[in-house]
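So the structure is just underneath, and the comments pick up after that.
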Amino acid sequence: MKKALLDQLTEWAGTRFSQPTVRFVDNYLDNGFCAQCRLCCGPQIGDAPYPMALLESQVTAKTPETFYLLDARTACLDERGCKALGPKGCTLSRPERPPACGLFPLVVMDGALYLYRICPASLFIPMVTWLSIAQKARDWLLGLPLADQKRISIHLPNDLLLERYSPLYLRLFSE
Ligand code: SF4
Ligand code: SF4
């Protein structure tokens, strides 16, 4: 972990009552920790490419220019980072971003919602608040076509799942 991020985590820990907030609004997770954290979107070290499925409605002729792709409808984040990342952050409007970006650190895995634990927001926001946020996210996800829900859902090896993610016991669909 970079020293700057460690310093920021220490500062947040010491200012408990003025920490950033997180809420699910307009179908996106508005995460006040991201601006100073910026762990996501940049080059990822050591892991397999992280899949970020696009909704059917997001796939256009420009998709290959915009994203590094795993397949025609699945963007990815890998050791190059995300192709849509510019010098001042994401170059895409929120509706153009893969759903995974608007959910993280909530992750749909094997049809259910999980919380990525190694995120400052996950560390500082109480689990009871995450459950409430995750219920709103699930309501939105359940409004998508089942085919999109299934494409957004990822699968990870069990050791990674146990090491990095907490189950929220909110299911979208059965496998
Ligand atoms: S790790 Fe969490 S706080 Fe940091 S950029 Fe990603 S979602 Fe935002
Ligand atoms: S689309 Fe934007 S928000 Fe999503 S990973 Fe790429 S740069 Fe980050």
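The number of residues in segment 45-67 being in a helix (DSSP H, G or I) and either charged (D, E, K, R) or farther than 19 Å from Gly86 by Cα (or both) comes to 4. Apart from one condition, Leu70 fits all of (1) within 14 Å of ligand 2 (Cβ to nearest atom); (2) assigned to a helix (DSSP H, G or I); the exception is (2). Taking first residues from segment 123-138 that are closer than 22 Å to Gln8 by Cβ and partners that are among the aromatic types (Phe, Trp, Tyr), the Cβ contacts under 7 Å between residues at least 6 apart in sequence or on separate chains come to Phe124/Trp12; Ile133/Phe24. Just the residues that are part of a helix (DSSP H, G or I), charged (D, E, K, R) and exposed (fewer than 15 other Cβ atoms within 10 Å of the Cβ), please, taken from segment 139-175. Result: Asp139, Asp159, Glu163. If you check Pro49, Pro99 for being more than 16 Å from ligand 1 (Cβ to nearest atom) and either at pLDDT 95 or above or farther than 27 Å from Ala13 by Cβ (or both), only one passes: Pro49.
Among the criteria (1) part of a strand (DSSP E or B); (2) over 21 Å from Asp159 (Cβ atoms), the one Lys83 does not fulfil is (1). Assess whether Leu131 counts as being in contact with a Gly (Cβ under 8 Å, 6 or more places away or on another chain) and surrounded by fewer than 20 Cβ atoms within 10 Å (Cβ to Cβ). For Leu131, the condition - in contact with a Gly (Cβ under 8 Å, 6 or more places away or on another chain) and surrounded by fewer than 20 Cβ atoms within 10 Å (Cβ to Cβ) - is not met.
Per the listing Arg94, Arg73, the residue uniquely among the basic types (Lys, Arg) and closer than 27 Å to Ser132 by Cβ is Arg94. The selection criterion, being away from ligand 2 (no atom under 14 Å from the Cβ), of a type outside the set (Phe, Trp, Tyr), more than 29 Å from Tyr169 (Cβ to Cβ) and not in a helix (DSSP H, G or I), does not hold for Gly42.
The values are calculated or read from the model by the stated rules, or taken from the named source; none is laboratory data. It should be emphasised that the depicted structure is a prediction, and the values quoted were computed from it without experimental measurement. Here Cβ is always computed from backbone atoms with ideal geometry, including for glycine, and neighbour counts include all displayed protein chains.
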